[in-house]
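Worksheet: the structure to be examined is printed underneath.
The values are calculated or read from the model by the stated rules, or taken from the named source; none is laboratory data. This one's a predicted model, so the numbers in the text were calculated from it and none came from an experiment. Every residue, glycine among them, receives a Cβ derived from its backbone with ideal geometry; neighbour counts consider all protein chains shown. The area values use the complete protein model at the heavy-atom level, side chains included, leaving out ligands, DNA and RNA. Shrake-Rupley method; radii C 1.70, N 1.55, O 1.52, S 1.80 Å.
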Amino acid sequence: QVELVESGGGLVQAGGSLRLSCTASGSIFSINFMGWNRQAPGKQSHLVAGISSGGVTDYEDSVKGRFTILRDNAKNAVYLQMNNLKPEDTAVYSCTVRDGSKWYWGQGTEVTVSS
């Protein structure tokens with residue numbers, strides 16, 4: 001079983017920045033994929049950024065150029081640097097990892113962007 005703990009959420013004004021962190025612990029086999037989902041109020045959760053074990057990244061169009069996903073394999077950690085935040089970025093952000101063939105999700109951290 002893998003546990004994920006996120007941190008770094010909060011309230012920020014539009015145009016501001018936040019950095020989210022997520023650390024995996026527990027019985028880790030081999031984490032290949034790490035990513036960040038977000039769920040806005042009244043909407044479904046979806047993946048906004050992902051990074052492979054080799055460092056290949058992918059982003060949802062709405063965050064390209066503003067968000068950067070990074071990972072530290074030695075720490076089993078993934079980060080999401082969010083710049084130029086917009087009110088529509090308001091959501092609960094949770095990290096997800098694929099360890100071997102199993103997927104895990106964190107509880108999430110709330111991000112609120114005021115206009």
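Scanning for something free of Cβ contacts under 8 Å to residues at least 60 places away in the same chain and open to solvent by 60 Å² or more (accessible area, probe 1.4 Å), does segment 27-37 turn up at least one residue?
Applying the first criterion (free of Cβ contacts under 8 Å to residues at least 60 places away in the same chain) to segment 27-37 yields 27.
Remaining after also requiring open to solvent by 60 Å² or more (accessible area, probe 1.4 Å): 27.
There is at least one residue in segment 27-37 that is free of Cβ contacts under 8 Å to residues at least 60 places away in the same chain and open to solvent by 60 Å² or more (accessible area, probe 1.4 Å).
Which residues, counting only those in segment 73-89, are within 18 Å of Gly15 (Cβ to Cβ) and crowded, with 20+ Cβ neighbours inside 10 Å?
Step one: filter segment 73-89 for residues within 18 Å of Gly15 (Cβ to Cβ), giving 80-89.
Correct list: Leu80, Met82, Leu85, Asp89.
Looking at (1) open to solvent by less than 40 Å² (accessible area, probe 1.4 Å); (2) closer than 17 Å to Val5 by Cβ; (3) assigned to a loop (DSSP other than H, G, I, E, B); (4) not charged (D, E, K, R), can you tell me which one Gln107 breaks?
Going through the list (1) open to solvent by less than 40 Å² (accessible area, probe 1.4 Å); (2) closer than 17 Å to Val5 by Cβ; (3) assigned to a loop (DSSP other than H, G, I, E, B); (4) not charged (D, E, K, R), Gln107 breaks only (1).
Please pick out the residue among Ser101, Ser115, Ser52, Ser45 that is out of contact with any Asp or Glu (no Cβ under 8 Å at 6 or more places or on another chain), among the small types (Gly, Ala, Ser) and farther than 22 Å from Ala24 by Cβ.
After ruling out the rest, the residue left standing is Ser115.
Exactly one condition in (1) of a type in the set (A, V, I, L, M); (2) under 15 Å from the mean Cα position of the chain (by Cα); (3) over 19 Å from Val113 (Cα atoms); (4) open to solvent by less than 30 Å² (accessible area, probe 1.4 Å) is not met by Leu70; state its number.
Checking Leu70 against (1) of a type in the set (A, V, I, L, M); (2) under 15 Å from the mean Cα position of the chain (by Cα); (3) over 19 Å from Val113 (Cα atoms); (4) open to solvent by less than 30 Å² (accessible area, probe 1.4 Å), the one that fails is (4).
Condition first: farther than 19 Å from Gly16 by Cβ, over 13 Å from the mean Cα position of the chain (by Cα) and open to solvent by 60 Å² or more (accessible area, probe 1.4 Å). Now tell me which residues in segment 38-67 satisfy that.
Pro41, Gly42, Lys43, Gln44, Ser53, Gly54, Val56, Asp61
Mind checking which residues of segment 1-26 are free of Cβ contacts under 8 Å to residues at least 60 places away in the same chain, among the small types (Gly, Ala, Ser) and under 16 Å from Ile69 (Cα atoms)?
Ser21, the sole residue that qualifies.
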